[in-house]
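The values are calculated or read from the model by the stated rules, or taken from the named source; none is laboratory data. Quick caveat: nothing in here was measured; it's all calculated off a predicted structure. Every residue, glycine as well, gets a Cβ built from its backbone with ideal geometry; the counts of neighbours run over all protein chains shown.
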Amino acid sequence: MNRRSFVIAMMSFIAVPRARAQTGATRTQIDLALASASLAALRTRYGESYPDVVAARERIASLAASLRESQTHHEAIDLAAVTSALDTELADVRARLGEFGTRCGGGHPDMLTARARETALVEALSHVTSDGIFLP
C-alpha cells in the first residue's frame, strides 16, 4: 500500500465515526431540542390550535418516543455535540434578538417569538448539561 492509499484509508476511517456521532440518539436529541424551541415560537405567534403548532407537537412526541427508545437500547448521547448545536442556535437567536431590538418594539411578534425560542433553548441546554438528556 503506498502512502497516498494509506492516507485516504485513514481519512475515511476517521470520518466514519464522526459521521455516526451525529446519528441515533445524539441527532434525535438535537432535533428534539430544536423542535421544542420552534414549538415555543409557534405557540407564541399563533396559539395552540394553529395547524403548524399541532404538527410541531406531533413531531415532538415522535422524537421524544424515539429518544426514549434509544435510551432503552443504551445508545449514548454525545453531550458535547448536543451542547455545541444548541449553543450555536442560541447565539443565532440572540443575534436576531439584538437585530430586532433595533428595528422593532418589545411587543413586536418577531421579538416575542425570538424570546420564546431563546427561553426554550436555554431550558433545553440546562437539562442537557445537568441531566444529560432533554425531554420536554
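The figures follow:
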{"item": "Test result for P17, touching a helix residue (DSSP H, G or I) at 6+ places or on another chain (Cβ under 7 Å), at pLDDT below 95 and on the phi < 0 side of the Ramachandran plot", "result": "no"}
{"item": "Looking only at region 43-101, and only at residues there that are in contact with a helix residue (DSSP H, G or I) (Cβ under 7 Å, 6 or more places away or on another chain) and among the polar types (S, T, N, Q), the one that is surrounded by the fewest Cβ atoms within 10 Å (Cβ to Cβ)", "result": "T83"}
{"item": "Contacts under 9 angstrom Cβ, first residue in region 88-117 being of a type outside the set (A, V, I, L, M, F, W, C), partner outside any helix (DSSP H, G or I) and surrounded by 12 or more Cβ atoms within 10 Å (Cβ to Cβ), 6 or more apart", "result": "D110/C104"}
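Conditions tested, residue by residue: (1) polar (S, T, N, Q); (2) farther than 26 Å from D87 by Cβ; (3) free of Cβ contacts under 8 Å to residues at least 60 places away in the same chain.
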site	(1), (2), (3)
A40	no, no, no
R43	no, no, no
V54	no, yes, yes
E58	no, yes, yes
L63	no, no, yes
S66	yes, no, yes
E69	no, yes, yes
T72	yes, yes, yes
